[in-house]
Amino acid sequence: MKTIQAIFFLSASVLLFAGFNISAQTDKYPRVTIPGSHMRTLKSADTGREYDLYFQVPELKSGKKYPVLFVLDGQWDFKLLDSVYGGLHYDKFVPEMIIVGITYSGTNPDYDRLRAMDYTPTAVKRVPGSGDAPKFLAFLKKDVFPLVEKNYQADASKRILMGSSYGGLFTLYALFTEPDLFYGYVAAAPAVSYDDNFSFKQEKKFAEGSKNLPVRLAVSVGGVEDLTQPVKDFMDVLKSRAYNGLRLDARVIEGEGHAGNKPEAYNRGLRFMFKPN
């Protein structure tokens with residue numbers, strides 16, 4: 001027994017020392033950054049929160065306007081989109097564009113809590129602070145768009161909104177609230193079942209008032225996640241409407257779960273935004 005304890009103590013000591021050693025070594029070297037990127041910070045009067053905006057901007061050419069991809073959950077997905085976009089642009093599937101990742105300021109922000117507040121359209125008891133999607137949409141319109149379009153040669157007619165999970169829920173909320181706000185919408189694994197199927201109800205109300213929806217919409221879901229069937233049902237509803245002008249890409253990404261579907265969802269979704277008619 002004493003031998004086992006001694007071995008355990010020795011192993012723990014080695015791991016602890018190794019951890020300190022690695023930390024000491026990495027502190028000697030510069031951090032890895034995303035080339036060409038920078039950050040700006042905005043405070044929203046509507047939500048009362050402060051946001052960091054991550055920018056990836058091409059070399060701007062005089063007189064040229066660029067599409068803008070607005071990526072929710074920038075703390076996770078900005079770096080993913082930098083890679084996805086790089087490959088698609090290299091293969092000439094998408095043009096040069098500006099990428100804006102939206103996230104939260106401060107030291108160690110609680111991303112799960114903050115996004116659950118901003119990306120949800122209604123307040124529910126099980127999600128503290130939820131229901132601020134109208135305020136967050138106002139923040140985009142009043143603060144983010146003017147900043148981007150004033151400083152970066154952005155094409156206001158070619159805005160694209162992209163988000164996953166709660167971010168996908170917000171993407172659909174924005175679509176059926178002000179469809180003209182964006183040229184295209186990419187909703188990966190959107191939480192359509194939130195608050196007793198809010199997305200279904202919002203879409204139904206929209207359909208009762210209009211048969212026109214001249215946008216590009218890419219909706220996707222992993223094939224092995226809890227949202228698979230609800231999102232497939234939502235896709236079927238969209239297909240049945242036959243909206244005038246709607247370009248729809250509905251995709252089930254087989255074998256992927258809720259988080260792992262994003263690389264393909266974003267790749268295919270962004271490519272669809274610029275697919276020739």
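We did not get these values from a lab; they are worked out from the coordinates using the rules stated. Being a predicted model, the structure only gives us computed values, none of them experimental. When we count neighbours, we look across all protein chains shown, and the Cβ atoms used for this are built from the backbone with ideal geometry, even at glycine.
Key figures
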quantity	calculated
Crossing angle, helix 262-273 versus the chain [Cα axis fit, 0-90 degrees, rounded to tens]	30
Theoretical FRET efficiency, 1/(1+(r/R0)^6), r = Cβ-Cβ of residue 233 and residue 178, R0 30 Å, to 0.05	0.75
Charge-dipole axis of the chain as Lys and Arg at +1 and Asp and Glu at -1 on Cβ define it, positive-most pick from 277, 209, 69	277
Mean Cα-pair separation over length for the chain, i.e. relative contact order, pairs under 8 Å, 6 or more apart, %	15
Three-way shape label, the chain, alpha-carbon gyration tensor, a/c 1.5	prolate
Two-site FRET efficiency, residue 156 against residue 90, from Cβ-Cβ distance with R₀ of 45 Å, rounded to 0.05	0.95
For 253, 99, order by how many other beta-carbon atoms lie within 10 Å, fewest first	253, 99
Rounded, prolate or oblate (a/c below 1.5 giving rounded, otherwise prolate when a/b exceeds b/c) for the stretch 214-277 by Cα gyration tensor	oblate
Links that overshoot a 28 Å alpha carbon limit, given the list 142/205; 135/239; 125/204; 135/158; 79/141; 92/158	135/239
Distance (nanometres) between label positions extended 7 Å along Cα→Cβ at residue 149 and residue 123	3.1
Potential extension, residue 79-residue 197 segment - 0.36 nm per residue separation minus Cα distance	39.4 nm
Longest exposed-site-free window of the chain, the sites being trypsin sites (Lys or Arg not before Pro) in a DSSP loop that have at most 13 other C-beta atoms within 10 Å	127-210
C-alpha long axis of helix 166-177 to longest principal axis of the chain, angle in °	10
Projected label distance in nm at residue 259 and residue 113, using a 7 Å step from Cα toward the beta-carbon	2.0
Cα shape, the stretch 149-244, gyration tensor, a/c 1.5 rule	oblate
Restricting the stretch 210-277 to GluC sites (Glu not before Pro) in coil, as DSSP defines it, with at most 12 other Cβ within 10 Å	254
